[in-house]
Structure formats: C-alpha cells, structure tokens
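Undergrad: Would you mind keeping the following structure in view while I ask a few things?
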Amino acid sequence: MSNDMYATALKDTLTEIQKMCPDIKYSFIFTKDGAIIAGDGEADDTLMEKTVHSFQSLAEKAVVIGELDGLSIDGEKGKLRISRVKELYLVVKASPHADTTYLHSVTNVIVPTVLKLLEKIAPTPLKFMPSKQLIVDPLTGFFTGDNVQIDDTQLKEWSQHFDGKDVNEVEVETIGGKKTRCGVKKIGDAKQQGKGLILIPEKTCRALEAKKGELVRVKPIAS
Amino acid sequence: MSARNKPEEEMPAKNKPEEEVENLHGNLKKIKARDGIIGYILRDPKSASVDIKDPSKIIDYAILSSTVLDSGAYMKNTFELGRVKHIVVEGGNLKVLSLAIGDHRISVFMDKKVDHNAIYKNLRLK
C-alpha cells in the first residue's frame, strides 16, 4: 500500500468522523516528526503547518512532564484537542459546546481501529517524509547552476528516512503555492551552514516568485 | 449624586485587585495541599510566585509554563478560539493546567489522575 493510499484511508476516516460529529469543524493528522498525513479537507495547509510547528516547539519543552500525549484548549468560540494516537497526533477543532467526552471516545476508537487495520494490510510501517520550512537566500553569479543548496545535516537526516538512499532532488513550494522540483546539493559556503537556509538560483527564485528571507516548504525526493 | 463623591464611593473597588490576588494565592495554597498536585507558578507583570515540590525542576517547569501560555495564545489566534478559558497539556507522567486571570498567568502541575476541571473551578472562585 502506498503512502497516498494510507493517507486517503485516513482522510476518509476523518471525513466520516466529521459526518458523525457535526460539532467537529475540522481535523487532521500528523506524525511525531511533523509530517502532515491527512486532513479532512477543511483545514488549509498553512494552518496545519503552523499548528504542527507550534506543537513541536511545545513538545520539546514538555519533556519534563513526559512525552507529550495531548493538548486541549477551551475557548469561548471553539475547542481544540490534539491527542496522541499511537505514533500519530490527531488535531480536532470543535464548536464551543461540543461534547468533548463523546468526541474523544469517537476519535479514539475509530482512528486507532483504522490504523490497526492499515497495519494489517501494510505490515511494514510507512514512513512519511517530514517537509522542512527553510529561508530563501537567492544564489547569484555565473556558476550557480540549477541546483538548490541546503544544509548537509538536513540531507543526511532525510537520507536516514530513506534507509540510506541519497536525496538528490527536492520539491520547493512557496507560501503562495508555487512549486518546482530541482536538484539539491549541500551548502558549500561554511558561513551559510546551520542557519536554516535554502540557497536558490536567482532564475528559480524568479520562477517561484520567492524573495530573500521568505519561508518555503522543502520536500525531499530520494534517488 | 455629585461627581465629587464618586471617588469615595468607589474606594472599595480600588482594593479589589489586591483582594483578588490574595484570593488567588489562598486558592493556590489550598490546591497545592491536595493529593496529586506537584506545584504551581503564578506570574503577573511585576512578580512571580513559584511553589514546586521538586526545586531542581523549577526552571524546566517555568519554561514549560511560559511555552504553554505562548502556544495557547498562538493556537487561539490560528484556530479563532476566542477568549481562552484554560489550556491543558498532558505528558506521559504529569499534566499542566494553564490559564490567565486578569494579569495573572497561572500554571498548576499535577498527576494525570487529578481532575483538572475541579482545579479550574477552584481557581475561578472569587
């Protein structure tokens, strides 16, 4: 079973849960690594990414109380629940008067059941490659080539996810939704390493309409 | 009623914030004495009170308390949750209840079995 099918199965599950519980405004699932697997289609990408980023920052500080199991926020206009389901986190935004005990029992029965079923169908754990947000720094000069450059440590981390396969290509997506696929190599200039940068040839920057200092999402593609 | 008399009539109101702070401190002390409560951090713009059972973890708890409230504010805006009543963060061993009452930012650390809704109600008592 491909990652896409796995994601589709979970997406359908979230959609069905929403039909059962109209109090749910939207929901999505991400991994501990921060990869967004599936959403019910109501939450946009930016919102999901912001949430994951914020939750991961919190998870780093929460070590003192043990590995993060969940977060709940009760507001006057809505409720937010992020709960751990095995190795995944389920995010649910519900209306302010939603019966959270009921929501919890539904989501924490149905989602684990579907996951268990998927594990039976595809016993090898599927790996979702976490995308990374990096800061654009245009590459100028005659010999810049067509490749983008990012930190070697990041390339090695992705390589580990791909069981040691080299990452030679990445997909770069701007906040505006423009995408391109291009070759990647490590940052050569030591002064620019470790800063969370992606050095993008000027020509590619123009095509993406990406400016210096902007954030882009970068997804690895293994060779 | 003359305008001149107004400030005198409103004198008790000037003491209200102080009373609220005293109440809050009193409530937190009572809560701290309960079974399963690890401690609390109370911060306002000028000062902070910390009462944690294990002093070696005060800094870690303080950082977590601040991060929880900051993340809560961020998520509140992202998800349009309106005014936040409380935030609960559950870890493998413990959980934290965080909330703001006026200028006061409170985090209560407790065992997972403790009913945080009961603690929240106690804190909201005037």
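Undergrad: Might you report the magnitude of the Cβ-based charge dipole of the protein assembly as shown about its Cα centre, with Lys and Arg at +1 and Asp and Glu at -1, to the nearest 20 debye?
TA: 380
Undergrad: Taking Cα centroids, how far is segment A:55-95 from segment A:174-223 in Å?
TA: 31
Undergrad: Shielding by partners for B:92-98, please: the mean number of other protein chain Cβ atoms within 10 Å of each residue's Cβ.
TA: Working: counts 8, 5, 4, 6, 4, 0, 1.
Mean shielding count: 4.
Undergrad: Just from its helices, what would the mean residue ellipticity at 222 nm be for chain A, if runs of 4 or more DSSP H residues each count -39500 (n - 2.57) and the sum is divided by every residue, rounded to the nearest 500 deg cm²/dmol?
TA: On the way: 5 runs with 74 residues, N = 223.
My calculation for chain A gives -11000 deg cm²/dmol from helical runs alone.
Undergrad: Report, to the nearest 10°, how far helix A:152-161 tilts away from the longest principal axis of the Cα atoms in chain A, using its own Cα long axis and a range of 0 to 90°.
TA: 40
Undergrad: How large is the charge dipole for segment B:28-86, taken about the Cα centre, if only the Cβ atoms of Lys, Arg (+1) and Asp, Glu (-1) carry charge, to the nearest 20 debye? Before the final figure, lay out each step's value.
TA: Numbers: 11 positive and 7 negative charges, 61 e Å.
The dipole magnitude comes to about 300 debye.
Undergrad: What angle, in degrees between 0 and 90 and rounded to the nearest 10, separates the Cα long axis of helix A:3-20 from the longest principal axis of the Cα atoms of chain A?
TA: 40
Undergrad: Going highest first, how would you order A:80-88, B:103-111 by mean Cβ packing within 10 Å? Don't jump to the answer; show the numbers that get you there.
TA: Details: A:80-88: 17.9, B:103-111: 20.9.
The densest-packed peptide leads the list: B:103-111, A:80-88.
Undergrad: Whole number please: convex hull volume per residue, Cα atoms of segment A:64-117, in Å³. Kindly include the intermediate steps, with their values, before the conclusion.
TA: On the way: hull volume 4.2 nm³, N = 54.
For segment A:64-117, the hull spanned by Cα atoms encloses 77 Å³ per residue.
Undergrad: Compute the Kirkwood hydrodynamic radius of segment B:3-124, taking the inverse of the mean of 1/r over all pairs of distinct Cα atoms, and give it in Å to one decimal. Don't jump to the answer; show the numbers that get you there.
TA: Values: mean 1/r = 0.0641 Å⁻¹.
Averaging 1/r across every pair of different Cα atoms and inverting gives 15.6 Å.
Undergrad: Could you give the alpha-carbon Rg of segment A:3-121 over 2.2 N^0.38 Å, rounded to two decimals?
TA: Values: Rg = 13.6 Å, N = 119, 2.2 N^0.38 = 13.5 Å.
With N residues counted in segment A:3-121, Rg over 2.2 N^0.38 Å equals 1.01.
Undergrad: Relative to 2.2 N^0.38 Å, what does the C-alpha radius of gyration of segment A:43-200 come to as a ratio? Two decimals please. Present the calculation step by step, with values, prior to reporting the outcome.
TA: Numbers: Rg = 19.8 Å, N = 158, 2.2 N^0.38 = 15.1 Å.
With N residues counted in segment A:43-200, Rg over 2.2 N^0.38 Å equals 1.32.
Undergrad: Could I ask something else about it? Determine, for each peptide in A:189-199, A:65-75, the mean count of other beta carbons within 10 angstrom over its residues, then list the peptides with the highest first. Mind showing how you got there, number by number?
TA: Details: A:189-199: 13.9, A:65-75: 19.9.
Result, highest mean first: A:65-75, A:189-199.
Undergrad: How long are the semi-axes of the ellipsoid equivalent to the protein assembly as shown, from square roots of 5 times the Cα gyration tensor eigenvalues, in whole Å, largest first?
TA: Working: eigenvalues 373, 137, 80 Å².
Semi-axes, largest first: 43, 26, 20 Å.
Undergrad: Exposed loop chymotrypsin sites (Phe, Trp or Tyr not before Pro) only (DSSP loop, at most 15 other Cβ atoms within 10 Å): please give the longest stretch of chain A free of them, not including the sites.
TA: On the way: sites that count: A:PHE142, A:PHE143, A:PHE162.
It works out to A:1-141.
Undergrad: Could you tell me which of A:THR174, A:GLN56, B:VAL21 has its Cα farthest along the dipole of the protein assembly as shown towards the positive end, charges placed at Cβ (Lys, Arg +1; Asp, Glu -1), taken about the Cα centre?
TA: Most positive-ward Cα: B:VAL21.
Any read-out appearing in this document is the output of simple, stated calculations on the displayed coordinates, not a laboratory observation. Because the structure is predicted, anything quoted here is derived from the model rather than measured. Here Cβ is always computed from backbone atoms with ideal geometry, including for glycine, and neighbour counts include all displayed protein chains.
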